[in-house]
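Inspection log for the structure reproduced underneath, given as structure tokens.
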Amino acid sequence: MKRKLAFVLALMLLLMIPLSQCQASAIDGFAQKVKKKHLQFVDDARGSWQKLSGDKMKARFTVTNPAEATKTVKAFELRLYATDVWGDRIYGDTTYYYWTTKKNIAPGKSAYSDYCTIPDRSDVDKLHVAIKRFVYTDGTIVEIEDEDLNYWEWTVTWNN
């Protein structure tokens, strides 16, 4: 059993699969990636943004509580940073915007976050957003470690 566990851990390290994002099980010596069943961005996740005065913008994003989940989400916190056309972070390497949305999201349902106001709209090319933490209606809190955050990227375009 120790040999199988060592093989699974070595394979996960080789594939760079974060431990917090999956569980590994040894099946005849092979590692199998099993996604956790909790709040996430999905392939059709949407982002929307609007111009505000003073070179600011506001943005919001959809998150999904998967159908396989067994609990309703009560609130969630997103973490955002922005990059310019060169891929450089606009606000520095250690500055993030965090905001909490209080909304019940039942298993199998999606919801938009509240809006986050962001400065320097004219410099923003892409928004990078991750789910930092969330709480279920039963009070259970799930917090994702910084090194395990899964950032989704949206390219900002304007109609005019």
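The values are calculated or read from the model by the stated rules, or taken from the named source; none is laboratory data. It should be emphasised that the depicted structure is a prediction, and the values quoted were computed from it without experimental measurement. Calculation scope for accessible area: heavy atoms of the full protein, side chains included, ligands and nucleic acids excluded. Shrake-Rupley method; radii C 1.70, N 1.55, O 1.52, S 1.80 Å.
For the stretch 127-134, 3J(HN,Hα) computed residue by residue from phi via the Karplus equation (6.51, -1.76, 1.60; θ = phi - 60°) reads 10, 10, 10, 9, 7, 8, 7, 7 Hz, glycine and proline entered as x. For VAL124, no residue whose modelled amide H falls within less than 5 Å of its own remains once neighbours fewer than 5 places apart on the same chain are excluded.
Computed with a 1.4 Å probe on the full set of protein chains, the accessible area for GLU68 sits at about 110 Å².
Give me the number: length gained by fully extending GLN50 to ALA106, i.e. 0.36 nm times residue separation minus the C-alpha to C-alpha distance, one decimal in nm.
Result for the pair: 17.4 nm of gain on full extension.
Measuring against 19 Å, Cα to Cα, the residue pairs LYS37/LYS58; LYS37/LYS71; LYS51/LYS126; LYS56/LYS126; LYS56/LYS102 contain LYS37/LYS58; LYS56/LYS102 as the ones spanning a longer distance. Rounded if a/c is under 1.5, else prolate if a/b beats b/c, else oblate: with a ≥ b ≥ c from the C-alpha gyration tensor eigenvalues square-rooted, which is the stretch 87-160? Taking the square roots of the gyration eigenvalues as a ≥ b ≥ c, the stretch 87-160 is prolate.
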